[in-house]
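Student: Here's a structure for you.
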Amino acid sequence: MTDPLKPLFGELTGPLARLERDAAASRTLTEQVRAVLPENLRPHVLSAVRRDADLVVIVDSAAWTARVRYAGRALGDAIAAAGGAPMGKLRVKVRGGEKRG
């Protein structure tokens, strides 16, 4: 018996594979960023991605943005040492959280 959904999802193989590669690259980069930062800052880094030459680091609170920016040169050096492309600008963003309470 053939899978009736195969015609619908068969074309997604390429985009899904690309999405999986991008997610893996983001996980690796996030781990690299956390390893360079001071230990008390590491849990506040939610994600790190490359956007063109820029490094975008997502943190959980605006209180941590300046501390991540302060480590910008060390982040660029560590990424280059790990074989990554040279870093352009460091952009630190705060993930918009849900209101609690």
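Student: Give, in nm to one decimal, the length gained when the segment between residue 16 and residue 39 is fully stretched (0.36 nm per residue of separation minus the Cα-Cα distance).
Tutor: Length gained between residue 16 and residue 39: 4.9 nm.
Student: Which residues does a label at residue 25 reach in segment 37-65, if reach means a backbone N under 16 Å from a point 7 Å past the Cα toward the Cβ?
Tutor: 48-57
Student: While we're looking at this one, here's another question. Separation between the residue 77 and residue 91 pseudo-spin-labels, each 7 Å from Cα along Cα→Cβ, expressed in nm?
Tutor: In this crude spin-label approximation the distance works out to 2.6 nm.
Student: Would you work out if segment 12-101 is rounded, prolate or oblate? Take a ≥ b ≥ c from the square roots of the eigenvalues of the alpha-carbon gyration tensor; rounded if a/c is under 1.5, else prolate when a/b is larger than b/c, oblate otherwise.
Tutor: Judged from the Cα gyration tensor, segment 12-101 comes out oblate (a/c at least 1.5, b/c at or above a/b).
Student: Of all DSSP beta bridges in segment 19-94, what percent run antiparallel (nearest 5)?
Tutor: Antiparallel bridges: around 55 percent, rounded to the nearest 5.
Bear in mind that the values in this text are calculations on the coordinates, not laboratory data. What you are looking at is a predicted structure, and each value in this text was computed from that prediction instead of being measured. Counting neighbours? That spans all protein chains shown, and the Cβs are built from the backbone with ideal geometry, glycine included.
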